[in-house]
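Novice: Have a look at this one before I ask anything.
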Amino acid sequence: MEKVSVVMPAFNTADYIEYAIASVLSQTYTNFHLYIIDDASTDATGEIVQRFTDDPRVTYYRNERRLGRAETINMGIDMAAGEFIAFCDSDAIWEKNKLFTQVNILQTKRYDMVCSHYATFLTSVTKLAKTYKSQEIITYRDLLRGHRIADITGMYNQARLGKVYLENVPHQEYLMWLSLLKRAKGTMAYCVPETLAYCRISPRQSFLSKNHFTGWQWRIYRDYLRLPYYKSFYYYLSSLAHAMKRSV
C-alpha cells in the first residue's frame, strides 16, 4: 500500500495535464499512488492520461457525467489508501522534491499538516508571475484570517485526521483545510519555506477570484463556520487585508 495518495481532479485540461502527471511521477520520493479523476472531460484529457496508465502508480477514473470539482475530488479522497493525502491540480506542476520534503516533516509527528510556498505562471515555470509565501507555522486562527494553504502544496496525515470531504460551495478547499487544521495536532500546520509547486493562471481566473472573494468569504464565517457576528466581521476584515496584501 502507498504511503502517499495524490489526488488529481481533471476537466478539459488536455493542454496541460501531461506536465502535471509527469511532475508527480518524477518525484524523488516514490512510495505514492496517483489517483486521476476525470470529470467527464470533452477534450482529449482522457486520451493523454491513458498514456500513463501502464505505470502501476497511476489509477485513472472517468465520471460518466460531470459532477463538479468538489465531488470529483471527493471521489479521489474516497480512493486514497495512503497514510498521507496530497493534492495536485491537472494544470499545476510540482518540484521533484515536493513529496520527499513534506513526507519527512510529517514523519517527525510534530505536525499533521504541511504546505509550502508556491508560484504562479502563465505559460512556463521559467517565467513566474508571482511567488506566494506564508509564515512557517500556520495556526487555525491564522487560516481564519486568510487562505494561507495553497491546495497544490497541502498534504495531511489521513491516518490521524481521517478523511475530510469537500462541500459543493465556492472556496470548498479552504473549508476543507480549516476543518483539517482544527483537528490537527496543536491546531497548526508547517509551511515549508521553499517554492515546491507552481500554479498555472489566466487573466480570467484572476478576475474571477477577486470578484468571488467578498461575498463567499463572509458566508464561510457566518453560514458554514457559524461564527458570531463580531468574530465574522473581524476575520472578514483580516482576510480582506490579507488578500489585498498578496495581490500587490
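The values are calculated or read from the model by the stated rules, or taken from the named source; none is laboratory data. Just so it is clear, the structure is predicted and the values come from calculations on it, not from any experiment. Neighbour counts run over all protein chains shown; Cβ positions are idealised from the backbone, glycine included. Just the protein is used for accessible areas: all its heavy atoms, side chains included, with ligands, DNA and RNA removed. Shrake-Rupley method; radii C 1.70, N 1.55, O 1.52, S 1.80 Å.
Novice: Between the helical axis of 172-183 and the dominant principal axis of the chain, each derived from Cα atoms, what acute angle in degrees is found, rounded to the nearest 10?
Specialist: 70
Novice: Just tell me which aspartates and glutamates come within less than 12 Å, Cα to Cα, of LYS133; anything on the same chain fewer than 8 places away is out.
Specialist: Excluding near neighbours in sequence, the set is GLU194.
Novice: Ok, one more. Count charges around VAL192 for me, please; just the other residues with Cβ under 11 Å from its Cβ, Lys/Arg as +1, Asp/Glu as -1.
Specialist: Numbers: positive: LYS98, LYS133; negative: GLU95, GLU136, GLU194.
Taking every other residue near VAL192 into account, the sum is -1.
Novice: Using per-residue counts of other Cβ atoms within 10 Å, averaged over each peptide, order 58-64, 187-193 from highest down.
Specialist: Descending packing order for the listed peptides: 187-193, 58-64.
Novice: Compute the helix-to-body angle for 203-219: its Cα long axis versus the longest principal axis of the chain, expressed 0 to 90° and rounded to tens.
Specialist: Roughly 50 degrees, rounded to the nearest 10.
Novice: What residue among MET1, LEU225, TYR60 has its Cα farthest toward the positive end of the dipole of the chain, where the charges are +1 on Lys, Arg and -1 on Asp, Glu, each on the Cβ?
Specialist: LEU225
Novice: Still on this model: Under 17 Å Cα to Cα from LYS130, which lysines show up? Leave out anything in the same chain fewer than 8 places away.
Specialist: Candidates past the 8-residue exclusion: LYS210, LYS245.
Novice: Counting alpha carbon pairs within less than 8 Å and at least 6 residues apart, what relative contact order, in whole percent, applies to the chain?
Specialist: Rounded, it is 21 percent for the chain.
Novice: Here's another thing I want to ask about it. In Å², what does the accessible area per residue of the chain work out to with a 1.4 Å probe?
Specialist: 48
Novice: Reachable aspartates and glutamates from LYS163, Cα under 15 Å, same-chain residues fewer than 8 places away excluded?
Specialist: Correct list for LYS163: GLU71, ASP78, GLU83, ASP112, GLU173.
Novice: Let me ask another. Which percent of the accessible heavy-atom area of the range 1-140 goes to carbon and sulfur, probe 1.4 angstrom?
Specialist: Numbers: 3100 of 6320 Å².
Accessible surface attributable to carbon and sulfur in the range 1-140 totals 49 percent.
Novice: Once the Cα atoms of helix 69-79 and of the chain are each reduced to a long axis, what angle between those two axes, in degrees from 0 to 90 to the nearest 10, is obtained?
Specialist: 60
Novice: Still on this structure: Taking the chain as a Gaussian network, Cα atoms linked when under 10 Å apart, which of GLU167, GLU71, GLU47 shows the biggest mean-square fluctuation?
Specialist: Of GLU167, GLU71, GLU47, the most mobile in the Gaussian network model is GLU47.
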